[in-house]
Ligand code: SAH
């Protein structure tokens with residue numbers, strides 16, 4: 001029997017109905033799938049039946065004997081041992097499906113965003129991260145991550161998954177979310193870099209006004225900043241958390257520091 005390793009974020013699934021639901025919500029029929037952390041193959045066993053190919057990245061080499069059995073039985077499965085975050089992803093078009101290790105949730109999501117080969121992600125994540133990704137303006141959870149993710153992807157909540165579905169049982173509840181990357185985006189590469197920088201600065205100190213955060217970041221005269229915000233119909237007392245994704249996009253088209 002495999003002993004779960006905390007340092008690798010190992011919380012295994014076993015309920016077949018749940019696993020099948022994750023796979024059907026991923027819409028991967030005939031497509032190429034990347035799985036992060038196959039573990040003992042709980043999700044992998046269903047992925048290989050649906051996908052054209054499955055490439056699974058597993059950091060824990062002690063799982064080799066268990067995973068080798070699946071690999072031998074399914075020629076469309078390839079398991080690569082190592083840290084997913086260090087891996088080069090080949091050319092092609094891939095769909096990420098995974099019950100991911102929670103200690104690297106954000107890094108995995110950012111890798112998904114950055115790689116043009118990745119088209120969709122159907123992933124199990126902590127409920128609190130899912131709430132942030134899904135958050136709307138003026139809510140407590142709305143932050144830089146919400147905006148950046150919602151800019152790149154259509155975000156859908158698939159289902160709640162209570163902690164008792166995992167072995168060992170984690171300290172948090174989970175959610176399966178689906179991220180579908182938009183085929184086209186309203187900003188060019190240079191504007192996107194500014195967009196991300198602007199949002200990070202805007203939320204640097206959430207309780208401060210946008211003007212104060214931008215003043216600290218860019219050192220631009222506050223009168224100039226007030227005029228800049230007016231261009232977008234924004235009040236000088238506004239905080240970043242009240243600004244929607246579309247307005248940040250408009251701001252990225254007219255950088256303040258240029
Ligand atoms: N998919 C399985 C296991 C989920 S637990 C199931 O649902 O039952 C998370 C898995 O991710 C574990 O197998 C763990 O060893 C693996 N893992 C952790 N960090 C990783 C990393 N950096 N790269 C690849 N796999 C990793």
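The values are calculated or read from the model by the stated rules, or taken from the named source; none is laboratory data. All values reported here derive from a predicted model rather than from experimental measurement. No Cβ is skipped: glycine too gets one built from the backbone with ideal geometry, and neighbour counts run over all protein chains shown.
Checking each residue in the range 204-250 for being touching a helix residue (DSSP H, G or I) at 6+ places or on another chain (Cβ under 8 Å), in a loop (DSSP other than H, G, I, E, B) and within 18 Å of residue 141 (Cβ to Cβ) picks out 204, 205, 206, 239, 243.
Count of the range 143-192 residues, restricted to those that are out of contact with any helix residue (DSSP H, G or I) (no Cβ under 9 Å at 6 or more places or on another chain) and over 30 Å from residue 40 (Cα atoms), is 6.
Quick one: which of 96, 67, 77 is within 14 Å of the ligand (Cβ to nearest atom) and under 21 Å from the mean Cα position of the chain (by Cα)?
Among 96, 67, 77, only 96 is within 14 Å of the ligand (Cβ to nearest atom) and under 21 Å from the mean Cα position of the chain (by Cα).
The residue that is nearest to the ligand (Cβ to nearest atom), counting only those in the range 18-41 that are over 23 Å from residue 69 (Cβ atoms) and outside any loop (DSSP other than H, G, I, E, B), is 21. Every condition in (1) at pLDDT 95 or above; (2) surrounded by 17 or more Cβ atoms within 10 Å (Cβ to Cβ) is met by residue 184 except one, and the failing one is (2).
The condition (being near the ligand (Cβ under 10 Å from one of its atoms) and at pLDDT 95 or above) is satisfied by just one residue among 104, 89, 113, 125: 104. Within the range 42-63, does at least one residue satisfy the condition of being under 20 Å from the mean Cα position of the chain (by Cα), crowded, with 19+ Cβ neighbours inside 10 Å, touching a residue at least 40 places away in the same chain (Cβ under 8 Å) and closer than 18 Å to residue 175 by Cβ? Yes, there is a match, as at least one residue in the range 42-63 is under 20 Å from the mean Cα position of the chain (by Cα), crowded, with 19+ Cβ neighbours inside 10 Å, touching a residue at least 40 places away in the same chain (Cβ under 8 Å) and closer than 18 Å to residue 175 by Cβ. Residues of the range 47-64 being under 10 Å from residue 34 (Cα atoms) and more than 15 Å from the ligand (Cβ to nearest atom), which ones? Selection gives 53 alone. Every test in (1) within 15 Å of the ligand (Cβ to nearest atom); (2) part of a loop (DSSP other than H, G, I, E, B); (3) under 28 Å from residue 206 (Cβ atoms) is passed by residue 138 save one, and that test is (1).
In the range 1-25, the residues that are at positive phi form Cβ pairs under 8 Å with partners that are assigned to a loop (DSSP other than H, G, I, E, B) and within 10 Å of the ligand (Cβ to nearest atom), at six or more places apart or across chains, as follows: 9/37; 9/100; 9/101. Within the range 82-135, restricting attention to residues that are without any contact (Cβ under 8 Å) to a residue 24 or more places away in the chain and outside any helix (DSSP H, G or I), the residue that is surrounded by the fewest Cβ atoms within 10 Å (Cβ to Cβ) is 88. For the range 64-81, a residue qualifies if it is free of Cβ contacts under 8 Å to residues at least 24 places away in the same chain and part of a loop (DSSP other than H, G, I, E, B), and exactly one does: 75.
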